């Protein structure tokens, strides 16, 4: 009996802790690499560019998008949900955290992270020996 009560209290406290946590959707992301940069394309429908926050802490890029709540009537049946988005990426050593740009268009956030000069391919000129 005492073990059951202890188990019940433990489950209840875990449920209470989870209710206080914010739930984020993980946006679908395409990662494209070019000679000069790595480009991330994140799908975040319902998020305005003013509600996107990009931060870098050490070598971790964190992207958070806050979606505006829908202003519609009560749904009878629902398969889609609007919520906030969050995604984190570790930045490789050959990426330049000081060279990041971001644009938002039609619910797609495009983040371009430039490569460091030493990571970019370069052509070496061969000179004639003399």
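Scanning for something part of a strand (DSSP E or B) and farther than 14 Å from residue 37 by Cβ, does the stretch 88-103 turn up at least one residue? Show your work before the answer.
Within the stretch 88-103, the subset part of a strand (DSSP E or B) is 88-90, 95-103.
Those still in the list that are farther than 14 Å from residue 37 by Cβ too: 88, 90.
Yes, that holds for at least one residue.
State all residues of the stretch 99-130 that are in contact (Cβ under 8 Å) with a residue 12 or more places away in the chain and at positive phi; if no residue qualifies, say none.
107
Select, from 64, 38, 111, 52, the only residue that is outside any loop (DSSP other than H, G, I, E, B), more than 18 Å from residue 24 (Cβ to Cβ) and touching a strand residue (DSSP E or B) at 6+ places or on another chain (Cβ under 6 Å). Show your work before the answer.
Values: 64 fails: more than 18 Å from residue 24 (Cβ to Cβ); 111 fails: more than 18 Å from residue 24 (Cβ to Cβ); 52 fails: more than 18 Å from residue 24 (Cβ to Cβ).
Just a single option satisfies the conditions, and that option is 38.
Collect the residues in the stretch 67-82 that are in contact with a strand residue (DSSP E or B) (Cβ under 6 Å, 6 or more places away or on another chain) and exposed (fewer than 10 other Cβ atoms within 10 Å of the Cβ), keeping them in residue-number order. Steps first, answer last, please.
Kept after step one, since they are in contact with a strand residue (DSSP E or B) (Cβ under 6 Å, 6 or more places away or on another chain), are these residues of the stretch 67-82: 67, 82.
Answer for the stretch 67-82, where residues must be in contact with a strand residue (DSSP E or B) (Cβ under 6 Å, 6 or more places away or on another chain) and exposed (fewer than 10 other Cβ atoms within 10 Å of the Cβ): there is none.
Given the criteria at pLDDT 95 or above and farther than 22 Å from residue 120 by Cα, does residue 42 qualify? Write out each step before concluding.
Working: at pLDDT 95 or above: yes; farther than 22 Å from residue 120 by Cα: yes.
When the stated conditions are applied, residue 42 passes them.
Please state which one of 30, 96, 53, 43 is without any contact (Cβ under 8 Å) to a residue 24 or more places away in the chain, within 20 Å of residue 113 (Cα to Cα) and surrounded by 13 or more Cβ atoms within 10 Å (Cβ to Cβ). If you could, list the steps in order and put the result at the bottom.
Working: 30 fails: surrounded by 13 or more Cβ atoms within 10 Å (Cβ to Cβ); 53 fails: surrounded by 13 or more Cβ atoms within 10 Å (Cβ to Cβ); 43 fails: without any contact (Cβ under 8 Å) to a residue 24 or more places away in the chain.
Answer to the check: 96.
The values are calculated or read from the model by the stated rules, or taken from the named source; none is laboratory data. What you see is a predicted model, and the numbers here were worked out from it, not measured in a lab. We place every Cβ from the backbone using ideal geometry, glycine too, and count neighbours over all the protein chains shown.
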